[in-house]
1. Looking for whichever is away from chain A (no Cβ under 14 Å) and loosely packed, with under 13 Cβ neighbours inside 10 Å here; the options are B:83, B:38, B:47, B:89. Which one fits?
2. Tally up the residues in segment A:76-90 that are closer than 18 Å to residue A:46 by Cβ, surrounded by fewer than 22 Cβ atoms within 10 Å (Cβ to Cβ) and facing another protein chain (nearest Cβ under 10 Å), please.
3. Of the numbered conditions (1) under 16 Å from the mean Cα position of the chain (by Cα); (2) crowded, with 20+ Cβ neighbours inside 10 Å, residue A:155 satisfies every one except a single condition; which is it?
4. In segment A:102-116, what residues are among the polar types (S, T, N, Q) and part of a loop (DSSP other than H, G, I, E, B)?
5. Looking at residue A:167, is it within 27 Å of residue A:43 (Cβ to Cβ) and in a helix (DSSP H, G or I)?
6. Could you list all residues from segment B:67-87 that are within 30 Å of residue A:66 (Cα to Cα) and without any contact (Cβ under 8 Å) to a residue 40 or more places away in the chain?
7. Kindly indicate whether residue A:109 is away from chain B (no Cβ under 14 Å), touching a Leu at 6+ places or on another chain (Cβ under 8 Å) and either closer than 20 Å to residue B:55 by Cα or surrounded by fewer than 22 Cβ atoms within 10 Å (Cβ to Cβ) (or both).
8. Which helices (runs of 4 or more DSSP H) sit wholly inside segment A:1-101 and have at least 3 residues that are over 20 Å from residue A:163 (Cβ atoms) and modelled with pLDDT under 50?
Amino acid sequence: MRTQPSRLLAASVAALALVLPGAAMAGDDAAKQAGTGGAGALSDPEIAAIVLAANDVDIEAGKQARNKATDPQVKQFAQTMVTDHTALNEQTKQLAKKLNVEPKDNPTAKKLKDDGKATRDRLGKLEGDAYDRAYVDSEVTYHTAVLDTIDQQLIPNAQNPELKALLQKARPVIDQHLQHARQLQNSMRGIGGTGEQPMEQMHPMQPGEAK
Amino acid sequence: MRATLLAVAVGAASLMLAVEADAAEHRVEIRDFAYSPTPLNVAVGDTVIFSNHDPVPHTVTDRAGAFDSGQIESGSSWTFTATQAGEFTYYCTLHPRMEGNLAVK
């Protein structure tokens, strides 16, 4: 196990905390806990678990949006999120199997899942245009945070070259999702939205039924 | 009679070979959420192989509805045979920011 400066992990968790309402206060604690044995660095099994959790969170968000969104472009974006993150998860699982890496749950992965569900429940109460805008805003924030985590935490800590390569291959996908979400966000603001959706309002998702 | 039949058969086979020989094969690589090369000029009868090198699926879908690959999974390819002349603008239904152009003459 390599030792990494704990501030890197703290930065990562703080970035993820942006996505997760109510997570910020727990960020420091999560940072302290996330490292194995307090070393502050993530192991490959932990990285695999974070990748799987991050994809799962956005798949569930996409399933909810696929059902609830009213704007056809938002619905299509949601479908793309489900498709792409499912593909990324499948490749992660295949690689983990090939490398004999058993994804290991950790505070960062757990927080992603827990806060993802909380946000999904909260957004699930919104309807129509308010829901569409809240979902797209949350996707912008989420993918920004995930990109930051990939760059600052996951890629630097990945030990296995194939796992590192997978992360490097996934990065442009996340970046494209971010650009796509921003485009939608701007388009919706132009259509008449106020664009005043609070950035704290983050993550949607719900184990909604696929269409 | 037999010789005539043989001559006709050989003639037909030659014609088929000639057509096949004239049909060119082109390749479009899908990488980093972009089609390359684009624009691409081909002739009627040519084939275009679209190969997806990204870790997520893409499509090659004509905006006017002339063709649609359906999902091309990561590491897979789709072969398009140009059967009609025209100028086509295609895109990815999953990632609408991706767009390419194909001219069939």
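The values are calculated or read from the model by the stated rules, or taken from the named source; none is laboratory data. None of these values were measured; they are calculated from a predicted model. Quick reminder, even Gly has a Cβ in these numbers, built from the backbone with ideal geometry, and neighbours come from all protein chains shown.
1. Testing whether each residue is away from chain A (no Cβ under 14 Å) and loosely packed, with under 13 Cβ neighbours inside 10 Å leaves just B:83.
2. 0
3. So the condition that residue A:155 fails would be (2).
4. Scanning segment A:102-116 gives a single hit, A:106.
5. Yes, satisfied.
6. If the condition is that a residue be within 30 Å of residue A:66 (Cα to Cα) and without any contact (Cβ under 8 Å) to a residue 40 or more places away in the chain, then B:67, B:68, B:69, B:70, B:71, B:73, B:74, B:75, B:76, B:77, B:78 are the ones that fit.
7. no
8. A:6-19, A:27-34
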